[in-house]
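The values are calculated or read from the model by the stated rules, or taken from the named source; none is laboratory data. Here the structure is a predicted model, which means the values were calculated and not measured. All Cβ positions, even for glycine, are placed from backbone atoms using ideal geometry, and neighbour counts span all protein chains on display.
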Amino acid sequence: MAEQTGETRKAIRVIMLGAPGSGKGTISKKLLASHGGNHVSTGDMLRAEVAAKTPLGLDAKTFMDRGDLVPDAVVNGLIAEWLDGHRSEGFIFDGYPRTVPQADALEEMLAERGINVDLVANLAIPFDVIVKRLTSRRSCGKCGQPFNLEFMPPRVAGVCDKCGGPLVQREDEKPEVVKKRLAVYDAQTKPLVDYYTRKGMLKNFASESSEETVTQIEAELAKKKN
Ligand code: AMP
C-alpha cells in the first residue's frame, strides 16, 4: 500500500452522521489533518452560495434561516458536481446525506462513479449537550473568528479578541431555530442511522471528546483497510 514520508496518508471516504452540533465538522477536520482529502460540508457550500448571493443561495437562505432543510435536488446537485471534480480523492461528507432520498441518490452517484465508502460514522451525542454547544457559539462579525461562550469565551464580553469587532450569533444558532433543527434532524435524518445500519456500513461513536472519537474512528478505519 502507498505510504508517504513515513506517515500513513491513505485516502479515506467517510460519511459523518450526527445531529447539528454533534461535532461532525471538528472531527472531520482532525481526521483529514492526518489523512489528507476533502472536507465536504453541504452547509458550508450553501453558506458560500448565500454569501455570494447566487440564485441558488438566495433560494436556500429562506429554508436555512428557518432551520428547515433545503430541497434534496439542490444538495444532490451540489454533491454530483463535487464528485465529478474530485473523482479519485478522499472525502468526509459532513451534513450530507440528510434524508433517505439523499442517501438513495448518493448511493447511485457513487455506484455510477465506482466509488466505495469506507465507513459511516454516527456521532451519537445527547441533545442537551448539543443545544448548549450550539446556542453558545458566536463569531466575530468582522473577521469571522469563532468563539464559544462556554468553552472559549472572548476576553471582553461581546468583543472579538483578535480585531475588536462585534460578536454575532448565526441566525440558525438562536435557541428557537436550534430546537427546530433538532426536530428536523429527528424526523428526517435520524432514519439514516437505521438505513446505514441495515447496510452494515455504520458504527456509533458516543464520546463527547472529539479527540477520543477521532482515535476510535481511526481504529475502525484501520480495521477496514487491513
Ligand atoms: P449545517 O451547517 O450542516 O448544519 O447546515 C446548515 C443548514 O444548511 C441546514 O440547517 C439546512 O438548512 C442546510 N443544509 C445543509 N446540508 C443539507 C442537506 N444535506 N440537505 C438539506 N439541507 C441542508
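Here are a few things to note about the model shown:
- Conditions (1) within 11 Å of the ligand (Cβ to nearest atom); (2) of a type in the set (Ser, Thr, Tyr); (3) at pLDDT below 95: number failed by Thr42: (3)
- Any chance Arg133 is of a type in the set (Lys, Arg) and either free of Cβ contacts under 8 Å to residues at least 12 places away in the same chain or in the same structural domain as Arg66 (by TED's automatic domain parsing) (or both): no
Each row is one residue, and each column tells you yes or no for (1) polar (S, T, N, Q); (2) within 20 Å of Gly25 (Cα to Cα); (3) touching a helix residue (DSSP H, G or I) at 6+ places or on another chain (Cβ under 6 Å); (4) not in a loop (DSSP other than H, G, I, E, B).
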| site | (1), (2), (3), (4) |
| --- | --- |
| Cys163 | no, no, no, no |
| Asp186 | no, yes, no, yes |
| Lys203 | no, yes, yes, yes |
| Ser207 | yes, yes, yes, no |
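- Qualifying residue in the range 100-110 (condition: surrounded by fewer than 14 Cβ atoms within 10 Å (Cβ to Cβ), modelled with pLDDT of 95 or more and outside the structural domain of Pro20 (by TED's automatic domain parsing)): no
Rundown of residues vs (1) at pLDDT below 95; (2) in a helix (DSSP H, G or I); (3) away from the ligand (no atom under 14 Å from the Cβ), yes/no style:
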position: Ala2; (1), (2), (3): yes, no, yes
position: Met16; (1), (2), (3): no, no, no
position: Pro20; (1), (2), (3): yes, no, no
position: Ile27; (1), (2), (3): no, yes, no
position: Leu31; (1), (2), (3): no, yes, yes
position: Gly57; (1), (2), (3): no, yes, no
position: Ala60; (1), (2), (3): no, yes, no
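- The range 75-88 - residue that is surrounded by fewer than 17 Cβ atoms within 10 Å (Cβ to Cβ) and in a helix (DSSP H, G or I) and, of those, nearest to the ligand (Cβ to nearest atom): Gly77
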